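The values are calculated or read from the model by the stated rules, or taken from the named source; none is laboratory data. Note that the coordinates shown come from a computational prediction; the quantities given were computed from them, not determined experimentally. In this analysis, Cβ positions are derived from the backbone assuming ideal geometry, glycine residues included, and neighbour counts consider all displayed protein chains. Heads up: the accessible areas ignore ligands, DNA and RNA and are worked out on the full protein's heavy atoms, side chains in. Shrake-Rupley method; radii C 1.70, N 1.55, O 1.52, S 1.80 Å.
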Amino acid sequence: MTSYVIPASRHFETLVSMAMPIMQEINKETGESVNLTVVRGAKVKVLAHLESIYNLKYSYVEGQTLDIFKGASSKILLAHLPFEHQQSLVESDIPGNRQAALREELAEIKTNGYAVTSSEVDENAIGISAPILRGGKYIIGGLSIAGPIFRIKGDKVDVYIKRLKEAASDISLMLEDG
């Protein structure tokens, strides 16, 4: 059985300092909101948030605690938790008739290496997230882009998925080297 260890605050500071330059690049390239999230018990915490350059804003703010079952920023983390931790959360908070569908969705997210959700946190918003992993398999955090469905659609979704996966991998490598 693999144990899940939540990093101490100083590890969060290191994660934010390593991720921030990459988050700023993505924010500048896309113009959309960029978030860095981590698991805190049965919730998700926003460690860092960069606002969209556009007037349309979304719910995420730095330091905010989120539902672990809603949105790409949360689901990417939930999908990569150790099986026992994930199961415990699902069984304690999700009605029995919805558990199988959620487990299937989380397995697909983990297999694909990214999460995409639509209107789960904010109406008419899309979230795209990739995992920041230690050693290629232990979840450290999630890196996400969020914006309106009318602006993030079609090929742009695939471009953002690829960019987030590359960025999350770069952050993982920097943390291992750092």
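On the chain, 51 percent of the accessible area sits on carbon and sulfur atoms, based on a 1.4 Å probe. FRET efficiency for the pair residue 149 and residue 108, taken as 1/(1 + (r/R0)^6) with r the Cβ-Cβ distance and R0 = 22 Å, rounds to 0.60.
Helical content of the chain, expressed as a calculated mean residue ellipticity at 222 nm, amounts to -15500 deg cm²/dmol (DSSP H runs of 4 or more residues, -39,500 (n - 2.57) each, divided by residue number, nearest 500). Averaged over its residues, the chain has an accessible area of 50 Å² per residue, based on protein heavy atoms and a 1.4 Å probe. With the simple spin-label model, which puts each label point 7 Å out from Cα in the Cβ direction, the residue 70 to residue 97 separation comes to 2.1 nm.
Shape class for the chain: oblate, because the ratio a/c of the largest to smallest gyration tensor axis (alpha-carbon atoms, square roots of eigenvalues) is 1.5 or more and b/c is at least a/b.
Under 8 Å for C-alpha pairs, at least 6 residues apart: give me the relative contact order for the stretch 68-178, rounded to a whole percent. Provide the component values of the computation, followed by the final result.
Values: 156 pairs, mean separation 29.2, N = 111.
About 26 percent, as a whole number.
With a Förster radius of 25 Å applied to the beta-carbon distance between residue 53 and residue 13, the computed FRET efficiency rounds to 0.45.
Other residues within the sphere of radius under 12 Å centred on the Cβ of residue 120, judged by their own Cβ, net out at -2 (K and R +1, D and E -1).
Pairs of lysines in the stretch 94-178 whose Cα atoms sit within less than 16 Å of one another amount to 6, provided the residues are eight or more positions apart or on different chains.
Label separation (residue 159 vs residue 123): 2.9 nm, computed from points 7 Å beyond Cα along the C-beta direction.
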